[in-house]
Amino acid sequence: MVRIWDCGGEQPELRATVQDDGGWDISVLVWHPDEPLLLISNLGTLTTWTPGRATVSERLPSQIYYQALGFSADRRRVWASPPAPGRQGSDVIDLSRGIVGTGPDFDTGITEHPAGGLVAMLASDQGGTDVLFARTAGDAPEITGRTLTLDADGYEPVLFSPDGRLLVVKGDSYANELNVFEFPSLRRIHHLGLEDRPPEEWDPEDGEDIFGHSLGNIAFDRRSGLLWLVSPAGRLLSLDLDRRAAREHELPGLFPVTALAALADGRLVVAGAGELRILLPPGDPADLTPSPERVEAFLRDEPGEPCDGGEDAPADPLWARLAAGPGR
């Protein structure tokens, strides 16, 4: 079941429920970037919801199980992975016509840079994960020569900061962590192991931090630029990445917090204790206008080899040991 809420007021109001009596195994939900259209991927079908109507695509193979979706730059097509059985790479879909083309090979997320013109997606392997970057001018994403290589696998989709100058990757199957990179340089500036510890015990000078594992419960505040997270214990936390400062926020009647998301106007939607609440985060508004020049600079500079995350990256990550062969 998918519940759709109207968040125009101070409290959310249930707008619609999309349900299939046969039972769904939902893998991903994606909002259209510009319109009130929700795309729902479940086993065998794609469902599009617009106010007052839900439509199931009848032009796709029944065996599809898309787990990563994203809209093309012109918003007329959808990029989807993994591809339908018997196909390679990813599928390019016209929702009215079905599969119409082939895109690059990726498995996790399609995140558009706030300035447009570029998306980031993940191609994962047990020994290492590549963050791929693609131009979005055509019908299918065109992979650039710039790749960011991460240790291991198990990462969540990339997050760009609202102004587009930071890139955040959360996850790792073996040591859950948060990596923050500058954009367009891809130089890593923060590496945080995610542990469930209170903010007062976090010492930014010793390289440790407070954060606990939360599946997808991470979002940028589009008003101030703070990064918000939920710890395993249900605490709501904010992180100022520029100042390396963390803060815990108490929400009476809403503990433990179980889910977090950001609205386009800068407010947060927080769930916990069976309740859904809209919050205006504290802090002064900042100028977070994304600069297209960052994307243009990134596309001009395309090195031939992957970037390993910067000078503070692990000296001998798993992907490098596997590439070197036995004995490493």
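First check a/c for the range 115-160, with a ≥ b ≥ c the square roots of the eigenvalues of its C-alpha gyration tensor; if it is under 1.5, answer rounded, and if not, answer prolate when a/b is larger than b/c or oblate otherwise.
Verdict is prolate for the range 115-160.
Please say if the range 60-158 is rounded, prolate or oblate, where rounded means a/c under 1.5 for a ≥ b ≥ c the square roots of the C-alpha gyration tensor eigenvalues, and otherwise the choice is prolate for a/b larger than b/c and oblate otherwise? Oblate. Based on Cα contacts under 8 Å between residues 6+ apart, the range 29-137 shows a relative contact order of 15 percent. A DSSP coil position with no more than 15 other Cβ atoms inside 10 Å describes the following trypsin sites (Lys or Arg not before Pro) in the range 51-156: 59, 75, 76, 87, 97. Taking label points 7 Å from Cα along the Cα-to-Cβ direction, residue 240 and residue 5 give a separation of 2.8 nm. Between residue 291 and residue 19, the distance separating the two model label sites (each 7 Å from Cα on the Cα→Cβ line) works out to 5.0 nm. Average accessible surface for the range 1-134: 49 Å² per residue, computed with a 1.4 Å probe over protein heavy atoms with every protein chain in place. Sequence-ordered 3J(HN,Hα) estimates for the range 12-17 from the Karplus curve with 6.51, -1.76 and 1.60 and θ = phi - 60° stand at x, 10, 5, 9, 7, 10 Hz, glycine and proline given as x.
Mind checking the full-extension length gain between residue 63 and residue 97? Use 0.36 nm per residue of separation minus the Cα-Cα distance, one decimal, nm. Mind showing how you got there, number by number?
Values: separation 34, 0.36 × 34 = 12.24 nm, distance 1.72 nm.
In short, 10.5 nm is gained.
Near residue 90, the amide H atoms lying under 5 Å from its own belong to 103; only residues 5 or more places off or on other chains count, and H is placed 1.01 Å from N.
Scan the range 72-148 for chymotrypsin sites (Phe, Trp or Tyr not before Pro) in coil per DSSP, keeping those whose Cβ has at most 16 other Cβ atoms within 10 Å, and list them by number.
Numbers: sites: 79, 106, 133; in loops: 106.
Passing both the DSSP loop test and the Cβ count: no residue.
Just the protein heavy atoms count here, and of the accessible area of the range 30-77 at 1.4 Å, carbon and sulfur take up 48 percent.
The values are calculated or read from the model by the stated rules, or taken from the named source; none is laboratory data. Being a predicted model, the structure only gives us computed values, none of them experimental. Cβ: placed from backbone, ideal geometry, glycine included. Neighbour counts: every protein chain shown. Protein only, heavy atoms only, side chains kept; ligands, DNA and RNA dropped before computing areas. Shrake-Rupley method; radii C 1.70, N 1.55, O 1.52, S 1.80 Å.
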